[in-house]
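Structure record follows, encoded as structure tokens.
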Ligand SMILES: Nc1ncnc2c1ncn2[C@@H]1O[C@H](COP(=O)(O)OP(=O)(O)OP(=O)(O)O)[C@@H](O)[C@H]1O
Ligand SMILES: [Mg+2]
């Protein structure tokens, strides 16, 4: 199948109410929402990913931890089409071959990504940022001048509450704190109803209070969305952890509950320290 064909396939099937979890148009009926197998990425002979195999189930909140240089960001680059692996397999649901798709096609298929630095429209209000995010969704056939229908208004209101910015709705995004900008960007991603959301170090630079509120936010998203969260802040990971994957030298070193990985000798050795 050519990449265009793959992209066109995506919206063929629809699961109306379980879109977020089941992945509307993404076939997760017989398996995970994300399937990576034997992914190898080399930079000038150095293997940033070395036969990485990892699967994420629909509706999962997966935490990925591991030392600097373990390959966590590179893994996200592969999933989003930014970096092409030398070898391996990467599927989104049962049928969507990520390695045959371009970055925009992958984004359109429903994989959203949050980079470390917040990228909000500073000169627009919080509300307008969410509005703009919704309208950049290709499926919403409305110009920026079109008046929002009440369903759209409701979605924005719900998202504002979820990201704890309901009382900041009319405020310019540029005036928000770093943590609030991060929440706004997460809200903007959610407006596009991603089937899988990748977040790279979402609480870096946040205050303790912001980190704690972010953990609450992620816990409220768990089960409703499929999330992959990379983080070094172990306190934060402990607050949101379900299944945790430890990467080391481009491969999975350990996987399991927070308790399991924290007590794993190899994980203690390479990452958590004694
Ligand atoms: N474009 C690139 N060119 C060359 N080397 C790269 C490139 N991108 C990443 N690397 C190398 O690949 C390895 C994995 O990097 P990566 O950024 O994925 O690690 P990470 O687990 O995200 O680390 P951190 O926790 O510090 O963010 C590192 O040694 C890094 O220097
Ligand atoms: Mg990284």
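The values are calculated or read from the model by the stated rules, or taken from the named source; none is laboratory data. Fair warning: this is a prediction, and the values are worked out from it, not measured in the lab. Positions of Cβ are generated from backbone atoms using ideal geometry, with glycine treated the same way; all protein chains shown enter the neighbour counts.
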Hey, can you tell me all the residues within the stretch 161-173 that are over 11 Å from residue 125 (Cβ atoms) and touching a residue at least 12 places away in the same chain (Cβ under 8 Å)?
162, 163, 164
Going through the stretch 125-142 one residue at a time, which ones are at pLDDT 55 or above and either in a loop (DSSP other than H, G, I, E, B) or loosely packed, with under 14 Cβ neighbours inside 10 Å (or both)?
136, 137
Only one of (1) more than 16 Å from ligand 2 (Cβ to nearest atom); (2) under 16 Å from the mean Cα position of the chain (by Cα) is not met by residue 84, so which one is it?
(2)
Suppose the filter is closer than 24 Å to residue 52 by Cβ, surrounded by 15 or more Cβ atoms within 10 Å (Cβ to Cβ) and modelled with pLDDT under 95; does residue 270 pass it?
yes
Tally, over the stretch 51-61, of residues that are surrounded by 18 or more Cβ atoms within 10 Å (Cβ to Cβ) and within 15 Å of ligand 1 (Cβ to nearest atom)
2
Only one of 237, 203, 230 is within 16 Å of ligand 2 (Cβ to nearest atom), closer than 24 Å to residue 42 by Cα, within 17 Å of the chain's Cα centre (by Cα) and crowded, with 16+ Cβ neighbours inside 10 Å. Can you tell me which?
230
Candidates 96, 106, 79 - the one that is touching a helix residue (DSSP H, G or I) at 6+ places or on another chain (Cβ under 8 Å) and within 16 Å of ligand 2 (Cβ to nearest atom):
79
Within the stretch 183-198, is even one residue within 16 Å of ligand 1 (Cβ to nearest atom), within 18 Å of residue 272 (Cβ to Cβ) and crowded, with 20+ Cβ neighbours inside 10 Å?
no
Just checking, how many residues over the stretch 88-113 are within 16 Å of ligand 1 (Cβ to nearest atom) and over 18 Å from the mean Cα position of the chain (by Cα)?
1
Reported set for the stretch 62-87 where residues are on the phi > 0 side of the Ramachandran plot, within 13 Å of ligand 1 (Cβ to nearest atom) and crowded, with 17+ Cβ neighbours inside 10 Å is 66, 71
When you look at residue 189, is it in contact with a strand residue (DSSP E or B) (Cβ under 6 Å, 6 or more places away or on another chain) and over 25 Å from residue 51 (Cβ atoms), yes or no?
yes
Show me the strands (runs of 3 or more DSSP E) found entirely inside the stretch 1-74 where at least 1 residues are modelled with pLDDT of 80 or more, more than 16 Å from the chain's Cα centre (by Cα) and within 16 Å of ligand 2 (Cβ to nearest atom).
34-43, 46-56
